[in-house]
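Q: Input: one structure, supplied below.
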Amino acid sequence: MWLTEVDAPVLPREPVAETVPVRDTAQGLALQLRGVAKSFGTRHVLERLDLNVAPGEFVALVGRSGCGKSTLLRLIAGLDAPTAGRIDAGLAEERRLMFQDARLLPWKRVVDNVALGLEGRDARDRAMEALAQVGLAGRGGDWPATLSGGQRQRVALARALVHRPRLLLLDEPLGALDALTRLEMHRLIEQLWRRHGFTALLVTHDVAEAVALADRVLLIDRGGIALDATVPLPRPRSRAVAGFAELEDRVLRHLVGQPSTDASP
Amino acid sequence: MLKRLTPWLLPAAILVAWEIASRSGWLSARILPEPAAVGAAFWQLLRSGELAHHVGVSAARAFSALALGGGLGLLLGLLTGTWQRAEALLDTTLQMLRNIPALALIPLVILWFGIDEAAKLVLVAVGVFFPVYLNTFHGIRNVDRDLIEMARSYGLSGWQLYRQVILPGALPSILVGLRFSLGLMWVLLIVAETLSAQAGIGYLTMNAREFLQTDIVLVGILLYAALGKLADVIARGLERAWLPWHKGYAEQGS
């Protein structure tokens, strides 16, 4: 019961201890895509895409706007059906999606938004616990309209996590936030990912964000995976760490179509 | 305090000017009796119990017609808003009927229902039907698709989705329709009661007209104004009670 093990609200500023126990990735879901294609009319967005993600892995999808990274995420989330190919992403209730906009129901109080789709007598208590985990204990009775953009995304994160997903899909959830709030959200997402062991798939246009959070950065281009880069940096990562800038630069070069001659992984 | 009094300054000034004009003989009592006389007539009607009787009859007519017409409008609006098939079947017909003013139906209504209660009920009900129907339909159709997609991906479907997402999303629009209907309701009721009635505010005023009792006619007119205001207060109260989350209606510092 991951919710009962929570001791205190996790504040984003709280530094992550280096002595975090080895992650239990059993909660995570293995994701497998075979020959996945998606077309809208004559426009082929994705073509014969293969992808394996290990349980508990954190994978970031980057690419230009319109490259199909969000389409891929929607396919995995089951919101759209692929034109061809097979997607093995577990059951619908095992995965949860965080949207670019928080998509909170304005007519439900914060805690009831988090409890959306939950059943049972303890639904409200579980929602309260999840809120505490994203540092919003005490805001449960507020209307979503009174929250800031960052707070709304935290509520959306709590709403996703309260279902104990084995696969968390994040569709540019931080795109509209200011730089400081983004950094706070990075820490929060990383912390919760480490604690709960789910598999995470993050779509982002920000290469630095991808390098900061992911085990693997995938570059989507021309309907396929153009680059699959492992990020070997220790966590928690800072941009000042050696290797961060090089990796970011490498992905960026691929992104603009000028891969460096250095072919080492 | 001053802020709360400001809206009442103009009506008070008009009343004073009116009283002065009547007393100085500018205004004949047959055209417009002085406010004091209207007040006296009001007091007399109140004490004799006539006022309560007529207001009760009129209000009962108005609200039963609203329940009938508005209820049907809500039901059909939910139906056509939710099911494409119902829209295909019903909407064109209703859109055509919508363009007929309810008052144009008076001759037909009298032929069908005579000049009894049923005629008044039908006339008002037809009029209040359309604002509720149209706003319910559009409210359902304009619920944010993204929210519905989100709710589906969180496992909501069927009645749960309807109750937790679609209905609350359409509610602001439905209440706008209700408010329009409340306004229309009194207009139509006045016409219906003026045509023929044995009781009600319309009967009270038409009867007073026969005997040149201008003061009672004025009491009747003012009663309609008061009831209109009451309906507006009810509508606002519903909005505040049912849409506490809405920026437009939320009370400060909740």
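The values are calculated or read from the model by the stated rules, or taken from the named source; none is laboratory data. Being a predicted model, the structure only gives us computed values, none of them experimental. Reconstructed Cβ throughout: ideal geometry from the backbone, glycine too, with neighbour counts over all protein chains shown.
Okay, residues lined up against (1) modelled with pLDDT of 95 or more; (2) charged (D, E, K, R); (3) closer than 20 Å to residue A:172 by Cα; (4) not in a loop (DSSP other than H, G, I, E, B):
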position	(1), (2), (3), (4)
A:81	no, no, no, no
A:85	no, no, no, yes
A:93	no, yes, no, yes
A:100	no, no, yes, no
A:104	yes, no, yes, no
A:117	no, no, no, no
A:120	no, no, no, no
A:125	no, yes, no, yes
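Q: Answer yes or no: is there a residue in the range B:202-209 that is away from every other protein chain (no Cβ under 14 Å) and within 22 Å of residue B:129 (Cβ to Cβ).
A: Narrowing the range B:202-209 to residues away from every other protein chain (no Cβ under 14 Å): B:202-209.
Applying the additional criterion that residues be within 22 Å of residue B:129 (Cβ to Cβ) yields B:202.
Yes, some residue in the range B:202-209 is away from every other protein chain (no Cβ under 14 Å) and within 22 Å of residue B:129 (Cβ to Cβ).
Q: Any residue in the range B:141-170 that is more than 7 Å from chain A (Cβ to nearest Cβ) sitting within a Cβ distance under 6 Å of a residue that is not in a helix (DSSP H, G or I)? List the pairs, counting only those 6 or more apart or interchain.
A: Close Cβ pairs satisfying both conditions: B:166/B:143; B:169/B:143; B:170/B:143.
Q: Restricted to the range A:71-88, and to residues that are of a type in the set (D, E, K, R) and out of contact with any Lys or Arg (no Cβ under 6 Å at 6 or more places or on another chain), which residue is nearest to the other protein chains (Cβ to nearest Cβ)? Working first, answer last.
A: First pass over the range A:71-88, keeping only residues of a type in the set (D, E, K, R): A:74, A:80, A:86, A:88.
Adding the requirement that they be out of contact with any Lys or Arg (no Cβ under 6 Å at 6 or more places or on another chain) leaves A:74, A:88.
Numbers: A:74: 10, A:88: 18 Å.
That would be A:74.
Q: From the list B:71, B:77, B:127, B:158, exactly one residue is within 27 Å of the chain's Cα centre (by Cα), modelled with pLDDT of 90 or more and surrounded by fewer than 18 Cβ atoms within 10 Å (Cβ to Cβ). Which is it?
A: Details: B:77 fails: surrounded by fewer than 18 Cβ atoms within 10 Å (Cβ to Cβ); B:127 fails: surrounded by fewer than 18 Cβ atoms within 10 Å (Cβ to Cβ); B:158 fails: within 27 Å of the chain's Cα centre (by Cα).
So the residue among B:71, B:77, B:127, B:158 that is within 27 Å of the chain's Cα centre (by Cα), modelled with pLDDT of 90 or more and surrounded by fewer than 18 Cβ atoms within 10 Å (Cβ to Cβ) is B:71.
Q: Output the residue which, of all residues in the range A:226-256 that are over 29 Å from residue A:195 (Cβ atoms) and in contact with a Leu (Cβ under 6 Å, 6 or more places away or on another chain), is surrounded by the most Cβ atoms within 10 Å (Cβ to Cβ). Full working, then the answer.
A: Of all residues in the range A:226-256, those over 29 Å from residue A:195 (Cβ atoms) come to A:226-227, A:246, A:249-250, A:252-256.
Cutting the leftovers down to in contact with a Leu (Cβ under 6 Å, 6 or more places away or on another chain) gives us A:226-227, A:254.
Numbers: A:226: 17, A:227: 17, A:254: 20.
It comes out as A:254.
Q: Given B:88, B:118, B:151, which one is closer than 28 Å to residue B:244 by Cβ and assigned to a helix (DSSP H, G or I)?
A: Working: B:88 fails: closer than 28 Å to residue B:244 by Cβ; B:118 fails: closer than 28 Å to residue B:244 by Cβ.
Being closer than 28 Å to residue B:244 by Cβ and assigned to a helix (DSSP H, G or I) holds for just one of B:88, B:118, B:151, which is B:151.
Q: Tell me which residues, restricted to the range A:110-128, are of a type in the set (A, V, I, L, M, F, W, C) and either facing chain B (nearest Cβ under 10 Å) or surrounded by 18 or more Cβ atoms within 10 Å (Cβ to Cβ) (or both). Before the answer, list the steps.
A: Narrowing the range A:110-128 to residues of a type in the set (A, V, I, L, M, F, W, C): A:110-111, A:114-116, A:118, A:123, A:127-128.
Listed by number, the residues that qualify are A:110, A:111, A:114, A:115, A:116, A:118, A:127, A:128.
Q: Check A:188, A:136, A:131, A:180 and return the single one that is over 25 Å from residue A:56 (Cβ atoms), more than 14 Å from chain B (Cβ to nearest Cβ) and not in a loop (DSSP other than H, G, I, E, B). Spell out the reasoning first.
A: Numbers: A:188 fails: over 25 Å from residue A:56 (Cβ atoms); A:136 fails: not in a loop (DSSP other than H, G, I, E, B); A:131 fails: over 25 Å from residue A:56 (Cβ atoms).
None of the other options fit; the residue is A:180.
A quick yes/no check of all residues on (1) surrounded by fewer than 18 Cβ atoms within 10 Å (Cβ to Cβ); (2) over 23 Å from residue B:103 (Cβ atoms):
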{"site": "B:140", "(1), (2)": "no, yes"}
{"site": "B:144", "(1), (2)": "yes, yes"}
{"site": "B:163", "(1), (2)": "yes, yes"}
{"site": "B:175", "(1), (2)": "no, yes"}
{"site": "B:178", "(1), (2)": "no, no"}
{"site": "B:184", "(1), (2)": "no, no"}
{"site": "B:187", "(1), (2)": "yes, no"}
{"site": "B:205", "(1), (2)": "no, no"}
{"site": "B:210", "(1), (2)": "yes, yes"}
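Q: Within the set of pairs 6+ apart or on separate chains, which have a first residue in the range A:147-165 that is free of Cβ contacts under 8 Å to residues at least 40 places away in the same chain, a second that is in a loop (DSSP other than H, G, I, E, B) and crowded, with 24+ Cβ neighbours inside 10 Å, and C-beta atoms under 7 Å apart?
A: A:154/A:134
Q: Please indicate, with yes or no, whether at least one residue in the range B:91-111 is more than 19 Å from residue B:185 (Cα to Cα) and touching a Ser or Thr at 6+ places or on another chain (Cβ under 6 Å).
A: yes
Q: Tell me, yes or no, whether the range A:200-213 has at least one residue that is surrounded by 22 or more Cβ atoms within 10 Å (Cβ to Cβ), part of a loop (DSSP other than H, G, I, E, B) and either modelled with pLDDT of 95 or more or of a type in the set (Gly, Ala, Ser) (or both).
A: No, because not a single residue in the range A:200-213 is surrounded by 22 or more Cβ atoms within 10 Å (Cβ to Cβ), part of a loop (DSSP other than H, G, I, E, B) and either modelled with pLDDT of 95 or more or of a type in the set (Gly, Ala, Ser) (or both).
Q: Name every residue in the range A:89-109 that is crowded, with 20+ Cβ neighbours inside 10 Å, aliphatic (A, V, I, L, M) and more than 7 Å from chain B (Cβ to nearest Cβ), in order of residue number.
A: Within the range A:89-109, A:89, A:98, A:102, A:104 qualify.
Q: Kindly indicate whether residue A:63 is buried (at least 23 other Cβ atoms within 10 Å of the Cβ) and either of a type in the set (Gly, Ala, Ser) or more than 10 Å from every other protein chain (Cβ to nearest Cβ) (or both).
A: Details: buried (at least 23 other Cβ atoms within 10 Å of the Cβ): yes; either of a type in the set (Gly, Ala, Ser) or more than 10 Å from every other protein chain (Cβ to nearest Cβ) (or both): yes.
Against the criterion (buried (at least 23 other Cβ atoms within 10 Å of the Cβ) and either of a type in the set (Gly, Ala, Ser) or more than 10 Å from every other protein chain (Cβ to nearest Cβ) (or both)), residue A:63 qualifies.
Q: Kindly indicate the residue of the range B:13-67 that is of a type in the set (Asp, Glu) and free of Cβ contacts under 8 Å to residues at least 24 places away in the same chain and also surrounded by the most Cβ atoms within 10 Å (Cβ to Cβ) among those meeting that condition. So that I can check it myself, show each step before the final result.
A: Taking the range B:13-67 as the starting set, the residues that turn out to be of a type in the set (Asp, Glu) are B:19, B:34, B:50.
Narrowing further to those that are free of Cβ contacts under 8 Å to residues at least 24 places away in the same chain: B:19, B:34.
Working: B:19: 15, B:34: 18.
That would be B:34.
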